[in-house]
Amino acid sequence: MQIAELDGTAKISCQAVLFDMDGVLIDSTPAVARVWHRWALEHGLDPETVVRMAHGRPSRTTIRDLLPDSDIDAEDREVERREMKDIEGVVLLPGAQRLLNSLPLERWTIATSCTRPLAEVRLRAAGLPIPKKLITSSDVKNGKPHPEPYQKAAAILGFAASDCIVVEDAPAGVRAGKAAGARVIGFPTTMDLRELESAGADWIVPNCAAITLHNGDGGLFLTLAL
């Protein structure tokens, strides 16, 4: 539940924290943009539109929306191959390492729209640990904005999604978290603040540096610097 919102801070209790990866823990935006920009040009599509559509969703979903008559599996494999090869500029976002280090290992995980191989490549490139319990597009039938990724992420930690906080930067991910029954913290790292608000984010803060953990009996207590 939300405990209080005073003096520019919000205090929240939860059982676990479910993180998106790109745009929340790590910055892979330059690499993602390079890959999808090139792919768009090759297919006669507007690069700016394609890059915007691709963020926060499984790549095959974007491909299906844009090229429904293509060999989606082949296109998806090629995009993933390029993304795994291009890790230049993949770095940690502010506060991510500190926040993860402060959380008990059994109280957080990642739910990303990347495939498992790509997620592992990016986490290693950024110097972050790979959670033993990790949800990727390889583990779900329905990607964000469907609630399945966050429902599964909560379940593998042993909690209901309604007892968890989701941390997201993309409208599709915010909608996935809300549809799963979770409360959502939004980061305007890759999308406009108004888009996150429209998608239903409960709170919006700059990045992980604005979140502080306080351990409590039977749960977690987070303070947000709004």
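No value in this document is a laboratory result; all are computed from the given coordinates. Predicted model only: the values in this text are computed from it and were never measured. Heads up, the Cβs are rebuilt from the backbone with ideal geometry, glycines too, and the neighbour counts pull from every protein chain shown.
A dipole drawn for the chain from +1 and -1 charges on Cβ atoms has a positive end, and of Met191, Val205, Val167 the residue lying farthest that way is Val167.
Only one residue of Thr29, Val51, Ala40 has its Cα farthest out toward the positive end of the dipole of the stretch 29-85, where Lys and Arg carry +1 and Asp and Glu -1 on Cβ, and that residue is Thr29.
Among 153-159, 103-109, sorting by the average number of other beta carbon atoms lying within 10 angstrom of each residue, highest first, gives 153-159, 103-109.
Fully extending the segment from Arg124 to Glu106, taken as 0.36 nm per residue of separation minus the present Cα-Cα distance, adds 4.5 nm. The phi torsions of the stretch 38-43, fed into the Karplus equation with coefficients 6.51, -1.76 and 1.60 and a -60° offset, translate into couplings of 5, 4, 4, 4, 4, 10 Hz, rounded to whole numbers, with Gly and Pro shown as x. For the stretch 161-168, the Karplus equation 6.51 cos²θ - 1.76 cosθ + 1.60, evaluated at θ = phi - 60°, returns couplings of 4, 5, 9, 10, 10, 9, 10, 9 Hz by residue, with Gly and Pro reported as x.
Centre-to-centre, using Cα atoms only, the stretch 120-142 and the stretch 20-55 are separated by 19 Å. Remark: the stretch 115-127, residue by residue, has Karplus-estimated 3J(HN,Hα) of 6, 4, x, 5, 4, 5, 4, 6, 5, 5, 4, 8, x Hz, where x stands for each Gly or Pro and the curve is 6.51 cos²θ - 1.76 cosθ + 1.60 at θ = phi - 60°. Ranked by the mean number of other Cβ atoms within 10 Å of their residues, highest first, the peptides 27-33, 75-81 fall in the order 27-33, 75-81. The charge dipole of the chain, taken about its Cα centre with unit charges on the Cβ atoms of Lys, Arg (+1), Asp and Glu (-1) only, comes to about 540 debye. For the stretch 74-158, the C-alpha radius of gyration divided by 2.2 N^0.38 Å, with N the number of residues, is 1.14. Under a 5 Å amide H cut-off, with hydrogens placed 1.01 Å from N, Ile26 pairs with Leu93 among residues at least 5 apart or on other chains. Once backbone amide H atoms are built at 1.01 Å from N, Asp169 has Phe187 as its partners under 5 Å, excluding neighbours fewer than 5 places away on the same chain. Taking the average, over residues, of other Cβ atoms within 10 Å as the packing measure, peptides 128-137, 172-181 rank 172-181, 128-137 from highest down. Scattering from the C-alpha atoms of the stretch 29-85 alone, worked out with Debye: what is log10 I(q)/I(0) at q = 0.18, 0.28 1/Å? Log10 I(q)/I(0), no solvent term: -0.50, -1.36.
For the chain, the spread of Cα coordinates along the three principal axes comes to 54, 34, 30 Å, biggest extent given first.
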